[in-house]
Amino acid sequence: MRILFAISHLGFLRNFESTLALLAERGHTVHVVTDRRSEGSVTDGTPIAERLGARFPDAFTWETVAPDKRDPWFAVSSGIRESLNYWRYLSPAF
């Protein structure tokens, strides 16, 4: 099975490394896509991605695909997502 795994940045790989390794061990092909680079930050997950890539060269790949910020829908969708997050935290549960 081919699996596309989309995350905000590679720093989140620390939470999913064992799961991704297990999928690759079981013969699945895993491709991780992120839209932000995290090199040099505290949450840099590049070493994890490189480790998985070296361990499973035929089953694990990853890339960073930056969104096109010139797209007029980028600003609209970003504003909607941020508004939804704001409204969510106005709930009495938070």
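Relative to the longest principal axis of the Cα atoms of the chain, the long axis of helix 72-88 lies at roughly 80 degrees.
Would you work out what percent of the accessible area of the chain, with all protein chains in place, is carbon or sulfur (probe 1.4 Å)?
57 percent
Relative to the longest principal axis of the Cα atoms of the chain, the long axis of helix 46-55 lies at roughly 30 degrees. Computed over the chain, relative contact order equals 28 percent, with contacts defined as Cα pairs under 8 Å that lie 6+ residues apart.
For the chain, the longest principal axis of the C-alpha atoms and the axis of helix 13-25 are separated by about 40°. Here the calculated FRET efficiency for Trp87 and Asn15, from their Cβ-Cβ distance with R0 = 22 Å, stands at 0.25, rounded to the nearest 0.05. Heavy-atom accessible surface of the chain, averaged per residue, reaches 73 Å², computed with a 1.4 Å probe.
The values are calculated or read from the model by the stated rules, or taken from the named source; none is laboratory data. Quick caveat, the model's predicted, so the values are computed rather than measured. Virtual Cβ from ideal backbone geometry, glycine too; neighbours counted across all protein chains shown. Accessible surface is based on the protein model in full, side chains and every heavy atom, while ligands, DNA and RNA are left aside. Shrake-Rupley method; radii C 1.70, N 1.55, O 1.52, S 1.80 Å.
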